[in-house]
Amino acid sequence: MKRATVVLFAILSAAWAAPSIAVADFDSIGCDASVGPAVAEIIRTEIAAGEGLRVIERSRLEDVMAEQALSTSGAVDERDAVQLGALLGADFIGVGSVSRLGDTYTISGRIVEVATGEVVAAKTESCDREDRLVELAREMAEEARNILAERAVVLENPEAVELYKRGVAAIEAKDPESALDLFLQSIELDPDHPRVYLAAIQLARRLERIPLAVQLARTYLERFPDGPNAQEIRVRLAELHEGSN
């Protein structure tokens, strides 16, 4: 490999080391429907204002959710969060809710690591006035930023990283066929990162390439039997097997 290419991949790998996060709109429970999304936007803005983290734009999140037939309003559970994060190229995804009971407002937030499906941070804060939600959201964002800044992502193969990033860009460009091909190339070069499998499985299902989705799912379970969405994948594989009999 030429020196210039080696340098380029080193730069790309270094950039990738900065953790990235997507924050889904928070659910609104017992309060105006605009409150949850507003709180999530404050958290996005506050996280982005710091250093060492990349925040994925809300518009990109909305596009992927629409393509995956997921509602952009209402709660996003950990299972869907992991799949969304994989398709967005995010290391982490934040989900949560804002609820009101009487005069008490409560923000509940969780941060899910896409590669493992693990909830790496969870926080619940309450206040007695709606206008204090801004202060609480800023405090939660600062805490999230401090936690995530310490969790740099290390991928061994920078070429595989670049292929994955190009696949994510192809999704953004609404070219799922190219995205799937790039994800498959990334897996071939570096098969040890579950989020790339999750993204590829989702796209293969969406493109109705069921045999490929099954093959990827089986490989995923072999390599990551306790990985994120592993149980769901086992259930779907069983359903496919029963349907073919």
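Relative contact order (percent) for region 158-244, with alpha-carbon contacts under 8 angstrom and 6 or more residues of separation?
After rounding, I find 20 percent.
So for each of 111-121, 206-216 I average, over its residues, the number of other beta carbons within 10 Å; can you give me the resulting order with the highest mean first?
Those peptides, ordered most packed to least, come out 111-121, 206-216.
Net charge near Met140: determine it from the other residues with C-beta under 14 Å of the C-beta of Met140, scoring Lys and Arg +1 and Asp and Glu -1.
-1
Return a whole-number percent for the relative contact order of region 88-245, with Cα pairs under 8 Å and 6 or more residues apart as the contact set.
This gives 16 percent for region 88-245.
Please list, in order along region 33-40, the HN-Hα scalar couplings obtained from phi with the Karplus expression 6.51 cos²θ - 1.76 cosθ + 1.60 (θ = phi - 60°), rounded to whole Hz, x for Gly and Pro.
Values, residue by residue: 4, 7, 5, x, x, 5, 5, 4 Hz.
Quick one: putting +1 on the C-beta of Lys and Arg, -1 on the C-beta of Asp and Glu, what dipole do you get for region 18-148 around its Cα centre, in Debye to the nearest 20?
120
Counting Lys and Arg as +1 and Asp and Glu as -1, what is the net charge of the other residues whose Cβ lies under 10 Å from the Cβ of Thr106?
Numbers: positive: Arg100; negative: Glu125.
Summing Lys and Arg as +1 and Asp and Glu as -1 gives 0.
Over region 18-148, what is the relative contact order in percent, taking alpha-carbon pairs closer than 8 angstrom and at least six residues apart?
Contact order relative to length: 28 percent.
FYI, it's all coordinate maths here, none of it is from the lab. Everything numeric in this text was worked out from a predicted model, so none of it was measured. Heads up, the Cβs are rebuilt from the backbone with ideal geometry, glycines too, and the neighbour counts pull from every protein chain shown.
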